[in-house]
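Step one of this worksheet: look at the structure below.
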Amino acid sequence: MGWGALAAQALAVGSNPLAVALAGLALIGVATASAWALQAGLWAALALVCLDLRGGPGPLPVIESALAATMAALAIVGHLRALNAGGRAELRGGAAGGASGLVAQGSTTLTIATLDGLKITRGDEDLTPGLLRKPTLAFIWLYLLLWALQEPGRALRRAALADEVSPGLARSEQLRRLTSQLWDLQHDLEPELVDPLLIGRDQVRFDLERVHLDADALAKLGRRMAEAGRAGAAALAEEIEASLTSDGFGEFLPEADQVLERVAGSRGSSGELLRAVRKRVHQARTDVVAALADYFVAAGQPLKAVRWLEPGLVWDSSGSQLASRLVRALLESGQVARAAALGSEGEVTVRVSR
């Protein structure tokens, strides 16, 4: 029997004020999707079954009144335990959706720069200081951003996040703290900082599609460049050059080390996650520069290729992906001596001071 039917039956059968009040909670649960009201409605229905068994409506004996009150109390206790274990399912800005119960907070025009320093802007307003002034909230925000880059589209279990934010504590205490911290995050940070976060009873996620993130945008441009034909590559080359010109060769999130260390210390895996994402971003940037250089050399513009290959060498972890292309570009542009200094193509040795 559905919740609405149970409530209707309860109101039709019960004349006892306590039973009617509890049945009303079931109706509230239907209208608002409130977990607490739905649970209370269940206990109301059970109490009214006891009433039916004694022959119909009328004043409830002491035992049945006590039973109804006890069931309502159990509903409240069950709800509080659910909050402690899983956190608030109904959070500001939206309703739970899908099996994961993730909550979309709203739309955003947030721009996040991560290369050569973190800068979060809404139009001309810089929101970065407001985030970094709150170390624990900044940790959660940055950790979810890192997770989204490392595991695109995959939500993170709240228990796993709680273990990173409060390592070494009992699981119940970790989850209790995380519930409070997520509540603070939603109410103490600018709404635009909260908008990309999807928060559910058991999972949380940073939705990269709701922001403009420089590292993500550059990686997407590189993939499009590699797949584009000659005509399409020309327009994409201009976009890539513009992206690289704006601090495109800086370190990825240099502030993150201090934020993560301050909250978690050497415990947890946040530092390992940061290193993995940095490696991923550096490789994506190397792939972008390689695709750009290939286009310019093929188009007969080797000097343009050299312009981007030289700074790109700093982040080429392979030591040869860009170096071999630089040798070729130098040879194509007539800079034979410089090419020789780097070594013959295929046997390149490049020493770069990081």
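The values are calculated or read from the model by the stated rules, or taken from the named source; none is laboratory data. What you are looking at is a predicted structure, and each value in this text was computed from that prediction instead of being measured. A quick note on method: Cβ atoms are made from the backbone with ideal geometry, for glycine too, and the neighbour counts reach across all protein chains shown.
Observations, loosely collected:
- Against the numbered list (1) closer than 16 Å to L145 by Cβ; (2) more than 20 Å from the chain's Cα centre (by Cα), V259 comes up short only at (2).
- Residue within region 326-349 that is part of a helix (DSSP H, G or I), under 20 Å from D116 (Cβ atoms) and not assigned by TED's automatic domain parsing to the domain that holds T114 present: no
- From the options L193, L169, residue that is of a type in the set (A, V, I, L, M) and closer than 25 Å to D116 by Cα: L193
- Matching option when the condition is without any contact (Cβ under 8 Å) to a residue 24 or more places away in the chain, acidic (D, E), farther than 19 Å from L127 by Cα and in contact with a helix residue (DSSP H, G or I) (Cβ under 7 Å, 6 or more places away or on another chain), among E272, E239: E239
- Extreme residue, surrounded by the most Cβ atoms within 10 Å (Cβ to Cβ), among residues of region 309-325 that are of a type outside the set (A, V, I, L, M, F, W, C) and assigned to a helix (DSSP H, G or I): R325
- Criterion violated by A162 - all others in (1) among the small types (G, A, S); (2) surrounded by fewer than 22 Cβ atoms within 10 Å (Cβ to Cβ); (3) within 25 Å of R267 (Cβ to Cβ) satisfied: (2)
- In region 166-180, of all residues being surrounded by 21 or more Cβ atoms within 10 Å (Cβ to Cβ) and in contact (Cβ under 8 Å) with a residue 24 or more places away in the chain, the one that is farthest from T111 (Cα to Cα) corresponds to L175.
- Evaluation of A233 against (1) under 19 Å from T136 (Cβ atoms); (2) assigned to a helix (DSSP H, G or I) (one fails), failing number: (1)
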